[in-house]
Amino acid sequence: KPRVFSGIQPTSDSFHLGNYLGALRQWVAMQDSTDALYCVVDLHAITVDHDPKVLHERSRVSAAQLLALGLDPERCTLFVQSQVPEHAMLAWILGSETGMGEASRMTQYKDKSAKQERTTVGLFTYPILMAADILLYQTDQVPVGEDQRQHLELSRDLAGRFNTTYGRTFVVPEPYIVKETATIKDLSEPEKKMSKSSASPRGCLYLLDEPNQMRKKIKSAVTDSGGDVRYDTEAKAGVSNLLNIYAALADTTVEKLEGEYAGKGYGDFKGDLADVVAETLAPIAARTKEFLADKAELDRVLTAGAEKARGLAVRTIAKAYKKVGFFPPV
Ligand code: TYM
């Protein structure tokens, strides 16, 4: 079975529809066909301002949401990054393989640092830590959204370079990006990707929103002055985004939906989509609460996951340490 690894940041109280359709749905689907490890990446989350208590709780809430979405600790390895110290150890090694120019080209760093009053070295080296996450587990495939493609490219370059310099050490990972849902757009500004930093309170739909709130957000989504439900990402970015969301959630295709809504207006279309969204996502909040109700059990599951992950991580660290001339960790 191919090895799969992916991660998500615990930087908000709820994941959003972009996270779900771009990545998390694939995580759930890949559990049986692959040997999958999924990680709540709290080390990445301290690269911007954070409150320690809030971060700690958000890591739990994140894990609970992943379980609620259908990750099953019997069929995949789910853990929190800070419980496996080898991530930071490998990041240090890879940092010394990365050129300043190469790291400076990362567009997400440029975007994020422009929004911060004070930019940290951690934010700058973030993609190197991400490469470490992936390479540590000899990963074949990484299910992510389009915004992570450049980081994946860096991971591949670093793996290849290290292998060339020191001899075969890392598997060179492939991105796994589903075209239709690679970038879910903001509901209010469909030129931008959906993200928690949306300028509009209705632009980002959270998995833990109340069903009525979800309905309102879909119904107030920006469309265009035309009237037909047709896919055209240039002229009809808003409608096209809603079509992608609808097709993914209802397990149908954009073409079929265009047929169904031919001659009908945006009102009908949005109303039906609002129902699909609310019905599909509503059970997640309730299930997340259930997983959070027993924190001791949740922490036990996560620690067991970390132990499994660590068993793999130490092997890669042993190899990489030897290759670069270090003494073995004691
Ligand atoms: P993060 O936490 O920002 O997002 C988690 C996942 O959601 C995807 N995503 C989207 N997909 C489609 N449309 C959107 N609007 C959208 N917004 C977010 C992201 O592409 C991602 O797959 N650097 C990563 C976390 C990470 C990681 C890793 C991922 C750390 N180490 C190792 C893979 C492998 C990040 O910040 O994702």
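The values are calculated or read from the model by the stated rules, or taken from the named source; none is laboratory data. It should be emphasised that the depicted structure is a prediction, and the values quoted were computed from it without experimental measurement. When we count neighbours, we look across all protein chains shown, and the Cβ atoms used for this are built from the backbone with ideal geometry, even at glycine. Surface accessibility is based on the protein's heavy atoms, side chains included, excluding ligands, DNA and RNA. Shrake-Rupley method; radii C 1.70, N 1.55, O 1.52, S 1.80 Å.
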Being touching a helix residue (DSSP H, G or I) at 6+ places or on another chain (Cβ under 9 Å), open to solvent by 40 Å² or more (accessible area, probe 1.4 Å) and part of a helix (DSSP H, G or I): is that true of HIS44 here?
no
Qualifying residue in the range 80-93 (condition: away from the ligand (no atom under 13 Å from the Cβ) and open to solvent by less than 20 Å² (accessible area, probe 1.4 Å)):
yes
Would you tally the residues in the range 190-219 being assigned to a loop (DSSP other than H, G, I, E, B) and open to solvent by less than 50 Å² (accessible area, probe 1.4 Å)?
10
Given the conditions (1) assigned to a loop (DSSP other than H, G, I, E, B); (2) surrounded by fewer than 23 Cβ atoms within 10 Å (Cβ to Cβ); (3) of a type in the set (A, V, I, L, M), which single one is not true for LEU187?
(2)
Residue that is farthest from the ligand (Cβ to nearest atom), among those in the range 1-12 that are assigned to a strand (DSSP E or B) and among the β-branched types (Val, Ile, Thr):
VAL4
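Kindly check whether there is at least one residue in the range 145-155 that is touching a residue at least 24 places away in the same chain (Cβ under 8 Å) and in a loop (DSSP other than H, G, I, E, B).
Taking the range 145-155 as the starting set, the residues that turn out to be touching a residue at least 24 places away in the same chain (Cβ under 8 Å) are 145-151, 154-155.
If we keep only those that are in a loop (DSSP other than H, G, I, E, B) as well, we get 145.
Looking for residues that are touching a residue at least 24 places away in the same chain (Cβ under 8 Å) and in a loop (DSSP other than H, G, I, E, B), one finds at least one in the range 145-155, hence yes.
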Mind counting the residues in the range 145-174 that are open to solvent by 10 Å² or more (accessible area, probe 1.4 Å), within 13 Å of the ligand (Cβ to nearest atom) and hydrophobic (A, V, I, L, M, F, W, C)?
0
In the range 102-144, which residue that is of a type in the set (Asp, Glu) and crowded, with 16+ Cβ neighbours inside 10 Å is farthest from the ligand (Cβ to nearest atom)?
ASP140
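Could you tell me whether THR98 is within 12 Å of the ligand (Cβ to nearest atom), modelled with pLDDT of 95 or more and part of a loop (DSSP other than H, G, I, E, B)?
no
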When you check GLY305 against the structure, is it in contact (Cβ under 8 Å) with a residue 40 or more places away in the chain, in contact with a strand residue (DSSP E or B) (Cβ under 6 Å, 6 or more places away or on another chain), part of a helix (DSSP H, G or I) and open to solvent by less than 40 Å² (accessible area, probe 1.4 Å), yes or no?
yes
What is the one condition in (1) outside any helix (DSSP H, G or I); (2) open to solvent by 30 Å² or more (accessible area, probe 1.4 Å) that VAL54 does not satisfy?
(1)
Tally time: how many residues in the range 37-60 are of a type in the set (A, V, I, L, M) and more than 12 Å from the ligand (Cβ to nearest atom)?
3
Selection within the range 13-35 - assigned to a helix (DSSP H, G or I) and within 12 Å of the ligand (Cβ to nearest atom):
LEU17, GLY18, ASN19, TYR20, LEU21, GLY22, ALA23, LEU24, ARG25, GLN26, TRP27
